[in-house]
Amino acid sequence: MATVTSRVELSDAGRDEAGPPSSAVMHIGEVAARTELSLRSLRHWEEVGLLAPSGRTEGGFRLYTEDDVEKILIIRRMKPLGFTLDEMKAVLDDIEAMRDPATSDTAQVEARERLASVQAEAAERRHKLVRQLEMADEFIGLLARETTR
């Protein structure tokens, strides 16, 4: 079944003071297709406060920007490593703080330190996943040997 999506523009909240809408936005179906996630996951992340769409149409449909898609992809990459929703939210907050020029130097340093810690934790979790894959490959090999006897 094909998903039909359309591009619309942000409401007044997404407009620059002097002119037209500042960026195109996508409906949830297009975002789900682009990120290879389900509509249910995207809605759930909004319900739990992990990620909110940048806007809504007058009819209440969620509208996402490219920045939202980037955040969704960060979440999607953290998910297989077993990070909790709270940990994901903290990472998104720290990345946002790092990118915001209004963030104080002290807050920047603190966010950078937290992100470095998460990076180390992600590397450790990845290593464990690699080891699990190696064990799975060994098991598959064992079964292949047994079934070809």
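Worth pointing out:
- Shape category assigned to the stretch 39-149 from the gyration tensor of Cα positions, a/c cut at 1.5: oblate
- Segment E134-D105, length gained on full extension (0.36 nm per residue, minus Cα span): 6.1 nm
- Within the stretch 31-100, the GluC sites (Glu not before Pro) that combine a DSSP coil assignment with at most 13 other C-beta atoms in a 10 angstrom radius are E36, E58.
- Each of I75, I28 has its accessible area taken with a 1.4 Å probe; listed largest first, they run I28, I75.
- Fully extended contour minus Cα-Cα distance, from A90 to R112, at 0.36 nm per residue: 6.7 nm
- Net lengthening on full extension, A24/H44 (0.36 nm per residue, minus Cα-Cα): 4.8 nm
The values are calculated or read from the model by the stated rules, or taken from the named source; none is laboratory data. Since the model is a prediction, treat every value here as computed from it, not as a measurement. Backbone-built Cβ (ideal geometry, glycine too); neighbour counts: all protein chains shown. Protein only, heavy atoms only, side chains kept; ligands, DNA and RNA dropped before computing areas. Shrake-Rupley method; radii C 1.70, N 1.55, O 1.52, S 1.80 Å.
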